[in-house]
Amino acid sequence: MNLRTVCFSLVAVLCACISLSAQIEEKFDFYTRGEYRANVPRPQTILRFDVGDHHTTYAQMEKVIDEIAKAAPDRVKVFDIGLTSELRMQHLVAISSPANIARLDEIKALNAKLTDPRTTSAAEANSITQNNPLIAWLAYTIHGNESASFEAMMQVAYQLAASNEPRTLEILNNTVVLILTGENPDGHERFVTWYNSIATGNADRNAYEHREPWSIQGRYNHFRFDLNRDNASATQVETKNMQKAFFEWNPQVVVDHHGQPSQFHFPPAALPINPNLPQPVTNKWLDTFGRANAASFDANKWDYYVRDIFDLFYVGYWDSFPSLNGATGMTYETDGGGFKGRRWTRDDGTIVTLRSAIAKHYVASMTTLETAANNRLARLQDYAAFRRNGMEEAKTERMKRIVIDPASDRVKAAELIEILQRMKIEVSVTNSGYMSTHAHAYEKNSPVTTRACNSSCFVIDLNQPQKRLIKALLEPDTPQDESFLREEIAKFKRNEMRGKSASKEDYRFYDITAWSLPLAFGLDAFWSEDGGPISATSVTPQILASMKAGGVSGKAQIAYIIPYDTDGAGAMAIRLLQAGHRVSVTNKQLTAGGRTFERGSFVIRMSRNTEAVHEAVNRIASETGTMVVAVNNGYNDSGDTGVGSESIQPMQAPKIAMIADEMVDQTSYGSIWWTLDRYGIDFTPMTLASARGSVLSKYNVLIMPDGAAGRYFSSLGAGGVTGLKSWINNGGTLITVRGASVFAALKDVGLTSSKLVGSDDDDEKGKTADDDADKRKIAEAKPSPTPRGTPSSDGAAEPVASPEPKTDKQDWQAPVLPPIASPSANAGKVPEGIPGAIMRATVDRTTYLTYGIKSDELPVLLSSGYFFRYSKEGTNALVFDAKPKRPLTVSGFAWEGNTERLLKGTAYLIDEPTGSGHVILFAEEPFFRGIFRSTTRPFFNSILFSGVF
Ligand SMILES: [Zn+2]
C-alpha cells in the first residue's frame with residue numbers, strides 16, 4: 001500500500017466517523033406528535049433558543065409553564081406547593097382532559113379513598129378504580145445539575161397541553177398527569193447560571209464547563225443535601241413540600257428523572273429490593289414499564305440498560321419511597337447534559353448532546369404515560385390492594401407494635417413523630433405506662449424479653465394502612481436479599497486472595513444498609529409482638545407542640561440552670577455564649593433550689609451577667625425547646641456543689657470556623673451547616689487557605705468536615721500543619737470528621753496518638769482485641785487514606801468531572817468502601833469498608849464529651865473502613881468494646897470475619913488534649929444526611945468545652 005492509498009484510507013475512515021457522528025447527532029424532532037393547538041406556545045418561542053442549545057433558568061421555565069397554562073386552561077392547572085430554602089416556588093402542574101380538570105378535586109378525593117381500606121370497602125374501592133383516572137407523578141431534576149431532565153419536562157408539558165394526537169388524548173382521558181417542574185430549584189439554578197456563563201459547548205472532556213466548582217455542585221440543594229436520599233426523615237424544606245403534595249395526590253405511577261450514566265437506564269431495578277415491597281407485584285409493574293420503554297428505545301435505536309446499578313433498597317429515594325406507598329416508583333437516567341454539558345465525547349469518540357439526552361427523557365416520559373393509561377385499571381386495583389394486603393400481613397407478622405420512649409430527648413422524639421405523621425403514619429401516646437412481655441430490644445436478632453415504658457410513650461401500631469412504610473422506616477434491621485449477599489461475600493473472599501496490584505471486584509452495595517429511625521435518632525425504643533388494645537391517645541399537633549416547648553420556671557434571683565435533657569440544651573448554651581452572656585458548666589452533681597442537677601448541667605449566674613440575660617434565656621429556651629430552672633437561693637441544702645461552687649466552671653464563647661473547600665465532602669459540610677443553622681448557632685465558613693495565622697487566631701473552634709485526607713494534607717502543607725498545631729497548643733479546638741480524622745492520624749500530620757487500623761504506621765497492624773499474641777510486623781497493607789469524593793485521574797472513567805459521583809446514587813459510595821484491597825498476606829488484617837451499618841458504641845460517662853448522655857451505649861453509623869486505634873495519650877469517649885457481650889453490629893451489613901473482629905477495641909470519638917487545646921476526632925459524620933442524630937450532644941460538647949477542660 002503506497003502512501004497515497006493510506007491517505008485515502010484515512011480520509012475514508014475519517015469520513016465514516018464523521019458520518020457516524022452526524023447520524024448520532026441527527027436532531028430529534030419534538031413536534032411529530034400533533035395536531036397541535038396553535039394558541040399554545042412552544043417553549044422555544046418564549047425561551048428564544050432551540051431545545052438543547054442553552055440551559056433554561058428556573059425563572060425562564062416558570063414563564064414557559066405559565067404561558068402554556070394560560071393558553072390551555074382547559075387542560076392545565078398549576079399548583080404552588082411551597083418555597084425552597086432560597087425562596088423559589090416549587091410547582092406541581094396537573095395536566096389532564098378538560099373533563100378531568102373540571103372535576104380535579106373530586107378525582108383527588110376519590111383517589112385518596114383508595115389509601116384507607118378501613119373506611120373504604122372493597123366494593124367501593126372497586127367502583128373507584130373502574131371510574132377514576134390514574135394519577136401519574138413525573139418529577140424532574142432532583143439533582144439540579146442533571147439538566148436534561150429539566151429541559152425535557154417543558155417538552156412533556158407542551159405535548160400534553162397542546163397536542164390533539166389520539167395517543168396523547170388517550171393519556172389525558174385516562175390519567176391526571178402531575179408534573180413536578182423542579183424538585184431542586186436552588187441547585188439547578190446554581191448549575192445553569194454557572195454553566196451558561198462559561199460554556200462554549202465544547203465536547204472535550206478537559207473543558208472547564210465539565211468541571212463544576214465546589215461552591216456550585218448543583219446536584220445538592222441549598223444545604224448541600226442530596227434530596228434523593230432525604231425521604232427517610234424529610235429534613236429539607238423541598239422534601240417537606242414534595243411529601244405534602246405527594247400525600248395529597250397519592251399517585252400510582254411515579255418517575256424521578258435524572259441524568260448521569262453512559263447509557264439511559266430505566267427499571268427493572270437492580271438488587272437488592274426492599275423486602276417490605278410486595279412481590280411479585282412490584283417486579284411485575286417494573287417489568288411492564290421497562291418493556292414499554294425498551295420498545296420505544298429500540299424503535300429509535302437508542303441504547304439503554306436495566307437491572308444494573310440502581311437498586312430499590314434504601315427508603316429515602318424518590319423511587320423506593322413512592323413504591324413503599326403503593327406506587328410504581330421508578331428512576332430514569334439519561335445519558336447527556338449535566339456535567340457533560342451541551343456536548344461530551346464518549347469513550348469511543350462519539351458525541352452525546354444535551355438535546356439527545358432531552359429527547360430520551362421526553363420519549364420515556366411519554367411512553368410511561370401511555371403505559372400508565374393503557375394499564376389504568378390494573379394499576380389502580382393493585383394500588384388499592386397495596387394497603388389492604390399490608391394490613392393483612394400485619395396480622396400474621398411478629399412485629400405488631402413499635403414503642404418509642406421520649407425520655408432521653410422529648411424534643412427529638414417529637415420531631416421523629418412529626419416526620420412520621422407527615423407520611424400519614426398514625427401514632428398514639430400512652431396515657432399511663434406500658435409493659436410488654438413479648439418485647440424485643442431495638443437491634444437485629446434480639447430475643448423475646450419484657451420491656452416497660454414508664455412514662456408517656458409513643459406507640460406505632462403496625463395494624464394500619466401504612467404498615468409497609470412503617471416497617472421500612474422503623475424496623476431495627478432490614479434484611480437484604482440472600483442471593484445478593486452470597487455473591488458479595490464471595491467477591492470479598494476472592495478479593496482477599498488477590499495481590500496488592502491486582503484489580504478487585506466491585507461490590508454492588510448502593511447505599512447505607514441501616515437507617516432505622518429510632519436508632520439513628522438515638523432514642524430508646526422496643527418492638528412488641530403484643531398487638532392488643534392499650535390505653536393511648538392519638539398524637540395531635542398540640543401534644544407535639546407541648547412536648548417541644550421550652551420555657552423558664554420563673555425570673556431568677558441567683559441563677560438559671562439548664563439541665564442537659566435535650567440536644568437543644570447544648571445549643572442554648574452555645575447561643576448564650578455567642579451572644580455575650582456568661583455560662584458555666586458543673587462538672588459535679590449540683591444541688592440548687594431543692595433539686596439536683598447532673599454533671600454537665602449549665603449554670604447562668606446572675607452575678608456574672610447583666611439584666612439582658614433574662615430576656616435572652618426566655619427567648620432561646622423557647623426557640624430551642626429547653627426547660628430552664630430559675631434558682632432564687634444560693635445555699636445548697638445538701639451535697640458539695642451549689643451554684644457558687646468551685647466546680648462550676650466558666651466557658652468561653654465559641655467562635656467557630658468551618659472549612660468549606662475543594663477537599664471537603666459537600667454533604668458532610670451540608671449536614672453540619674444545616675444542624676448549626678437550625679439550632680441558631682453562628683459559624684464562619686472559610687477555605688483552608690484562609691484558616692491560617694492571624695485569621696485562625698480569631699477563632700477558638702475549627703471544624704474540618706469529612707473530606708479527602710490527602711488533599712487536606714497537600715493543601716495545608718507541612719507549614720500549615722505546624723501552624724494548625726501551634727493554634728491548638730494555644731487553646732484552639734480542632735474537630736475532625738471521618739476523612740479529616742484520617743488526615744489527623746496521618747503519620748506526617750500527627751494530630752493524634754491514634755492510628756488507623758491497618759495503615760502503614762499502625763504498629764499494631766494485624767493485632768485485634770482477640771489476638772494479643774499476633775505481634776508480627778506486616779508489610780505494606782495500605783488502607784487508602786482517601787475517603788469518598790476524591791477525584792479520579794483526569795479523563796479516566798466517563799464521568800470525569802470528579803469529585804462528581806460516578807453514578808447517580810453513588811455520590812458517597814463509590815470510593816467509600818475504602819477498597820482496602822488486601823494482599824493475601826494481609827487477609828484479615830485490614831478493615832474492608834462497609835457500606836453503612838449501625839454499630840454499638842460504649843460511652844465513657846466520665847468525660848466532658850459525653851455530658852448529657854444518660855445511657856451506657858449509643859448506636860452510631862459507620863460507613864467506611866476507617867477504624868481508629870485507641871488514643872494512647874487522650875480520652876476515648878465513645879468506643880467499640882474490646883470484649884463486647886453482644887455483637888457490635890446493631891443493624892445493617894458487616895463483613896463476617898473482618899468488620900467486627902477489627903472494630904473491637906477501637907474508638908469512635910477521641911479527645912486528644914494538645915497543649916492548651918484539643919483535637920477531637922469523630923470516626924464518622926455526626927449528622928449523616930440529617931438523619932443520624934445520636935451524637936449531637938458529643939458534637940455540641942466538642943464546641944462548648946474548648947478551654948474548659
Ligand atoms: Zn440524579
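The values are calculated or read from the model by the stated rules, or taken from the named source; none is laboratory data. Worth saying up front: this structure is predicted, and the values here are computed from it rather than measured. So basically every Cβ, Gly included, is an ideal-geometry build from the backbone, and we count neighbours across all protein chains shown. We work out accessible area using only protein heavy atoms, side chains counted, and drop any ligands, DNA or RNA first. Shrake-Rupley method; radii C 1.70, N 1.55, O 1.52, S 1.80 Å.
Here's a check for you: in segment 395-412, which residue that is open to solvent by 40 Å² or more (accessible area, probe 1.4 Å) and not polar (S, T, N, Q) is farthest from Trp527 (Cα to Cα)? Before the answer, list the steps.
Of all residues in segment 395-412, those open to solvent by 40 Å² or more (accessible area, probe 1.4 Å) come to 395-398, 400, 407, 410.
Imposing the further condition that a residue be not polar (S, T, N, Q) reduces the set to 395, 397-398, 400, 407, 410.
Details: Lys395: 15, Glu397: 12, Arg398: 9, Lys400: 7, Ala407: 17, Arg410: 19 Å.
Top of the filtered list is Arg410.
Within segment 25-48, can you find the residues that are open to solvent by 70 Å² or more (accessible area, probe 1.4 Å) and modelled with pLDDT under 95? Please lay out each step first, then the result.
Going through segment 25-48, the residues open to solvent by 70 Å² or more (accessible area, probe 1.4 Å) turn out to be 26-27, 29, 32, 35, 38-39, 42, 45, 48.
Listed by number, the residues that qualify are Glu26, Lys27.
Of everything in segment 686-697 that's of a type outside the set (Val, Ile, Thr) and touching a strand residue (DSSP E or B) at 6+ places or on another chain (Cβ under 8 Å), which residue is nearest to Leu944 (Cα to Cα)? It would help to see each step written out before you state the result.
Here is the first cut: in segment 686-697, the ones of a type outside the set (Val, Ile, Thr) are 686, 688-694, 696-697.
Filter once more, so that each one left must be touching a strand residue (DSSP E or B) at 6+ places or on another chain (Cβ under 8 Å): 686, 688, 691, 696.
Working: Met686: 20, Leu688: 23, Ala691: 20, Leu696: 18 Å.
Taking the candidates together, the pick is Leu696.
From the list Ile489, Ile512, exactly one residue is crowded, with 17+ Cβ neighbours inside 10 Å and closer than 30 Å to Pro447 by Cα. Which is it?
Numbers: Ile489 fails: crowded, with 17+ Cβ neighbours inside 10 Å.
Being crowded, with 17+ Cβ neighbours inside 10 Å and closer than 30 Å to Pro447 by Cα holds for just one of Ile489, Ile512, which is Ile512.
Looking only at segment 553-571, decide whether some residue is within 30 Å of Ile402 (Cβ to Cβ), in contact with a Leu (Cβ under 9 Å, 6 or more places away or on another chain), modelled with pLDDT of 95 or more and not aromatic (Phe, Trp, Tyr).
For segment 553-571, residues within 30 Å of Ile402 (Cβ to Cβ), in contact with a Leu (Cβ under 9 Å, 6 or more places away or on another chain), modelled with pLDDT of 95 or more and not aromatic (Phe, Trp, Tyr): present.
Which residue, of Glu392, Glu370, Glu415, is open to solvent by 10 Å² or more (accessible area, probe 1.4 Å), closer than 23 Å to Trp527 by Cα, more than 16 Å from the ligand (Cβ to nearest atom) and touching a residue at least 12 places away in the same chain (Cβ under 8 Å)? Let's see the steps before the verdict.
Working: Glu392 fails: touching a residue at least 12 places away in the same chain (Cβ under 8 Å); Glu370 fails: closer than 23 Å to Trp527 by Cα.
One residue alone meets the criteria, Glu415.
Of the residues Thr288, Thr239, only one is within 16 Å of the ligand (Cβ to nearest atom), part of a helix (DSSP H, G or I) and of a type outside the set (Asp, Glu); which? Can you show your working first?
Values: Thr288 fails: within 16 Å of the ligand (Cβ to nearest atom).
Within the list Thr288, Thr239, the selection yields Thr239.
Under 6 Å between Cβ atoms, which residue pairs at least 6 apart in sequence (or on different chains) link something in segment 577-591 that is over 19 Å from Ser638 (Cα atoms) with a partner that is β-branched (Val, Ile, Thr)?
Matching pairs, first to second residue: Leu577/Val583; His581/Val613; Val583/Ile604; Ser584/Val603; Ser584/Ile648.
Go through segment 739-761 and give me each residue that's out of contact with any strand residue (DSSP E or B) (no Cβ under 9 Å at 6 or more places or on another chain) and open to solvent by 10 Å² or more (accessible area, probe 1.4 Å). So that I can check it myself, show each step before the final result.
Within segment 739-761, the subset out of contact with any strand residue (DSSP E or B) (no Cβ under 9 Å at 6 or more places or on another chain) is 747-750, 758-761.
Hits for segment 739-761 are Lys747, Asp748, Gly750, Ser759, Asp760, Asp761.
Take Asp348 and tell me if it is within 26 Å of His210 (Cβ to Cβ), within 16 Å of the ligand (Cβ to nearest atom) and of a type in the set (D, E, K, R). Quick ask: steps written out before the conclusion?
Numbers: within 26 Å of His210 (Cβ to Cβ): yes; within 16 Å of the ligand (Cβ to nearest atom): no; of a type in the set (D, E, K, R): yes.
No: the conditions fail for Asp348.
Scan Ala157, Ala148 and give me the residue that is out of contact with any Gly (no Cβ under 7 Å at 6 or more places or on another chain) and either open to solvent by less than 10 Å² (accessible area, probe 1.4 Å) or over 16 Å from Lys360 (Cβ atoms) (or both).
Working: Ala148 fails: out of contact with any Gly (no Cβ under 7 Å at 6 or more places or on another chain).
Unique residue meeting the criteria: Ala157.
Looking at (1) under 20 Å from the mean Cα position of the chain (by Cα); (2) in a loop (DSSP other than H, G, I, E, B); (3) modelled with pLDDT of 95 or more, find the lone condition where Pro884 falls short.
Pro884 satisfies every listed condition except (1).
Among the residues of segment 936-946, are any open to solvent by less than 10 Å² (accessible area, probe 1.4 Å), in contact with a Pro (Cβ under 6 Å, 6 or more places away or on another chain), closer than 15 Å to Asn700 by Cβ and of a type in the set (Val, Ile, Thr)?
Going residue by residue through segment 936-946, those that are open to solvent by less than 10 Å² (accessible area, probe 1.4 Å) are 936, 938-946.
Narrowing the set further to residues that are in contact with a Pro (Cβ under 6 Å, 6 or more places away or on another chain) leaves 939, 943.
If we keep only those that are closer than 15 Å to Asn700 by Cβ as well, we get 943.
With the extra rule that they be of a type in the set (Val, Ile, Thr), the set shrinks to 943.
The answer is yes; a qualifying residue exists.
Out of segment 166-199, which residues are surrounded by fewer than 16 Cβ atoms within 10 Å (Cβ to Cβ) and either touching a Lys or Arg at 6+ places or on another chain (Cβ under 9 Å) or basic (Lys, Arg) (or both)?
Passing the criteria: only Arg167.
Taking strands (runs of 3 or more DSSP E) that do not extend beyond segment 420-496, which have at least 1 residues that are among the aromatic types (Phe, Trp, Tyr)? Before the answer, list the steps.
Working: elements: 428-430, 434-441, 448-453, 458-461.
Per the criteria, 434-441, 458-461.
Scan segment 296-334 for residues that are open to solvent by 10 Å² or more (accessible area, probe 1.4 Å) and either more than 30 Å from Asn111 (Cβ to Cβ) or assigned to a helix (DSSP H, G or I) (or both) and jot them down.
Selection gives Ser296, Asp298, Ala299, Asn300, Lys301, Trp302, Asp303, Tyr304, Tyr305, Arg307, Asp308, Ile309.
If Ala357 satisfies every condition in (1) within 24 Å of Pro835 (Cβ to Cβ); (2) within 16 Å of the ligand (Cβ to nearest atom); (3) buried (at least 24 other Cβ atoms within 10 Å of the Cβ) but one, which is the exception?
Single failed check for Ala357: (1).
For Asp298, indicate whether it is of a type in the set (D, E, K, R) and either at pLDDT below 95 or within 16 Å of the ligand (Cβ to nearest atom) (or both). Break it down into steps so the answer makes sense when it comes.
Details: of a type in the set (D, E, K, R): yes; either at pLDDT below 95 or within 16 Å of the ligand (Cβ to nearest atom) (or both): no.
Answer is no for this residue.
Mind checking which residues of segment 855-881 are closer than 11 Å to Ala923 by Cα and outside any loop (DSSP other than H, G, I, E, B)?
Within segment 855-881, the subset closer than 11 Å to Ala923 by Cα is 860-869, 878-879.
Matches in segment 855-881: Val860, Leu861, Leu862, Phe868, Arg869, Leu878, Val879.
Scan segment 216-228 for residues that are in a helix (DSSP H, G or I) and either out of contact with any Phe, Trp or Tyr (no Cβ under 7 Å at 6 or more places or on another chain) or open to solvent by 20 Å² or more (accessible area, probe 1.4 Å) (or both) and report the count.
Within segment 216-228, the subset in a helix (DSSP H, G or I) is 227-228.
Still in the list and also either out of contact with any Phe, Trp or Tyr (no Cβ under 7 Å at 6 or more places or on another chain) or open to solvent by 20 Å² or more (accessible area, probe 1.4 Å) (or both): 227.
Summing the residues that are in a helix (DSSP H, G or I) and either out of contact with any Phe, Trp or Tyr (no Cβ under 7 Å at 6 or more places or on another chain) or open to solvent by 20 Å² or more (accessible area, probe 1.4 Å) (or both) in segment 216-228 gives 1.
Are any residues in segment 51-82 more than 14 Å from Phe150 (Cα to Cα) and in a loop (DSSP other than H, G, I, E, B), and if so, which ones?
Ala72, Pro73, Asp74, Arg75
Please work out if Thr334 is more than 16 Å from the ligand (Cβ to nearest atom) and modelled with pLDDT of 95 or more. Step through it out loud before you land on a result.
Numbers: more than 16 Å from the ligand (Cβ to nearest atom): no; modelled with pLDDT of 95 or more: yes.
No, not satisfied.
Counting only residues that are under 33 Å from the mean Cα position of the chain (by Cα), give me the strands (runs of 3 or more DSSP E) lying completely in segment 532-608 with at least 1 of them. Before you say what the answer is, go through the steps one by one.
Numbers: elements: 536-538, 559-562, 584-586, 590-592, 595-597, 602-605.
Counting at least 1 such residues, we get 536-538, 559-562, 602-605.
From the list Asn293, Asn283, Asn276, exactly one residue is in a helix (DSSP H, G or I) and either within 16 Å of the ligand (Cβ to nearest atom) or over 17 Å from Ala364 (Cβ atoms) (or both). Which is it? Steps first, please.
Values: Asn293 fails: either within 16 Å of the ligand (Cβ to nearest atom) or over 17 Å from Ala364 (Cβ atoms) (or both); Asn276 fails: in a helix (DSSP H, G or I).
Among Asn293, Asn283, Asn276, only Asn283 is in a helix (DSSP H, G or I) and either within 16 Å of the ligand (Cβ to nearest atom) or over 17 Å from Ala364 (Cβ atoms) (or both).
Given Pro251, Pro213, which one is in a loop (DSSP other than H, G, I, E, B), open to solvent by less than 10 Å² (accessible area, probe 1.4 Å), within 28 Å of Arg88 (Cβ to Cβ) and more than 16 Å from the ligand (Cβ to nearest atom)? Give the steps one after another, and end with the answer.
Values: Pro213 fails: open to solvent by less than 10 Å² (accessible area, probe 1.4 Å).
Every option except Pro251 fails the conditions.
Condition test on Ala327, is it in contact with a strand residue (DSSP E or B) (Cβ under 7 Å, 6 or more places away or on another chain), over 21 Å from Gln217 (Cα atoms) and of a type in the set (Gly, Ala, Ser)?
Working: in contact with a strand residue (DSSP E or B) (Cβ under 7 Å, 6 or more places away or on another chain): yes; over 21 Å from Gln217 (Cα atoms): yes; of a type in the set (Gly, Ala, Ser): yes.
So Ala327 passes the test.
Kindly provide the set of residues from segment 477-501 that are small (Gly, Ala, Ser), in contact (Cβ under 8 Å) with a residue 12 or more places away in the chain and closer than 24 Å to Asp308 by Cα, ordered by number. Spell out how you get there, then give the answer.
Our first condition is that a residue be small (Gly, Ala, Ser); within segment 477-501, this holds for 483, 490, 499, 501.
With in contact (Cβ under 8 Å) with a residue 12 or more places away in the chain added as a condition, the list becomes 483, 499.
The answer is Ser483, and nothing else.
Assess whether Gly874 counts as being open to solvent by 10 Å² or more (accessible area, probe 1.4 Å) and more than 17 Å from Asp844 (Cβ to Cβ).
Numbers: open to solvent by 10 Å² or more (accessible area, probe 1.4 Å): yes; more than 17 Å from Asp844 (Cβ to Cβ): no.
For Gly874, the condition - open to solvent by 10 Å² or more (accessible area, probe 1.4 Å) and more than 17 Å from Asp844 (Cβ to Cβ) - is not met.
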